[in-house]
Amino acid sequence: MVNLDKKNIIWLFTFIIICLIFGNGLGGYFTFISVEGWYQTLNKPNFNPPDWVFGPVWTTLYILMGVSVWLVWKEKESNTRSIGIKIFWLQLFFNIFWTYLFFGIQKIGLSLIEILFLILLILINIRFFLKIKKIAAYLLLPYLFWVMYASLLTYNIWILN
């Protein structure tokens, strides 16, 4: 059972807010500068969701990611925990970097290569979190599946354009 005293609740919200600020904030900035112009001109596959879907999905995923890393952070300090948390922040960086590549500088092919690397980092992250706290790893599965779907979208957008 998770101890939800005041200090733990503050830390939980801190991790969630960090994920939201970097993901929705910084990543959202790169998306915002292109989504109404360049992105609308792209040919997209028929399985591309409506634009309004992305905001709520990513917000939910960043919240799950914040809870996940918090659960691992709360565990006893170890080398595995330390590496797992570092990989978490690294994959979050690459998550935002994909947004920069795709929306910020509009390099679809490069963003496709990058997102495949991101999937690898997420898989490694899940593997480390599994060793520490299984539920933390499971909380990253929707994120993994969404990024895999995003990679399929990226590939098809690259092919169609």
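Every read-out reported here was derived from the displayed coordinates using simple, explicitly stated rules and does not represent laboratory data. All values reported here derive from a predicted model rather than from experimental measurement. All Cβ positions, glycine included, derive from the backbone under ideal geometry; neighbour counts span all protein chains shown.
Listed here are the residues, each with its yes/no results for (1) surrounded by 17 or more Cβ atoms within 10 Å (Cβ to Cβ); (2) out of contact with any Leu (no Cβ under 9 Å at 6 or more places or on another chain); (3) without any contact (Cβ under 8 Å) to a residue 24 or more places away in the chain.
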{"site": "Tyr100", "(1), (2), (3)": "yes, no, no"}
{"site": "Ile105", "(1), (2), (3)": "no, yes, yes"}
{"site": "Phe117", "(1), (2), (3)": "no, yes, yes"}
{"site": "Leu123", "(1), (2), (3)": "no, no, yes"}
{"site": "Leu130", "(1), (2), (3)": "no, yes, yes"}
{"site": "Ala136", "(1), (2), (3)": "yes, no, no"}
{"site": "Ile159", "(1), (2), (3)": "no, yes, yes"}
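For segment 43-58, does any single residue satisfy the condition of being more than 20 Å from Phe145 (Cα to Cα) and either over 19 Å from the mean Cα position of the chain (by Cα) or part of a helix (DSSP H, G or I) (or both)? Yes - at least one qualifying residue is present in segment 43-58. Checking each residue in segment 110-136 for being more than 13 Å from the chain's Cα centre (by Cα), farther than 21 Å from Phe54 by Cβ and not in a loop (DSSP other than H, G, I, E, B) picks out Ile113, Ile124, Arg127, Phe128, Phe129, Leu130, Lys131, Ile132, Lys134, Ile135, Ala136.
Of the residues that make up segment 22-42, is at least one closer than 19 Å to Tyr149 by Cα and part of a loop (DSSP other than H, G, I, E, B)? Yes, some residue in segment 22-42 is closer than 19 Å to Tyr149 by Cα and part of a loop (DSSP other than H, G, I, E, B). Screening Leu152, Leu139 for residues that are within 14 Å of the chain's Cα centre (by Cα) and among the hydrophobic types (A, V, I, L, M, F, W, C) leaves exactly one candidate, Leu139. Going through (1) among the polar types (S, T, N, Q); (2) in contact with a helix residue (DSSP H, G or I) (Cβ under 8 Å, 6 or more places away or on another chain); (3) under 23 Å from Ile33 (Cα atoms) one by one, Asn156 falls short only on (2).
Just one of the listed residues (Leu71, Leu90, Leu61) is in contact with a Lys or Arg (Cβ under 6 Å, 6 or more places away or on another chain), under 22 Å from Ile16 (Cα atoms) and surrounded by 13 or more Cβ atoms within 10 Å (Cβ to Cβ), namely Leu71.
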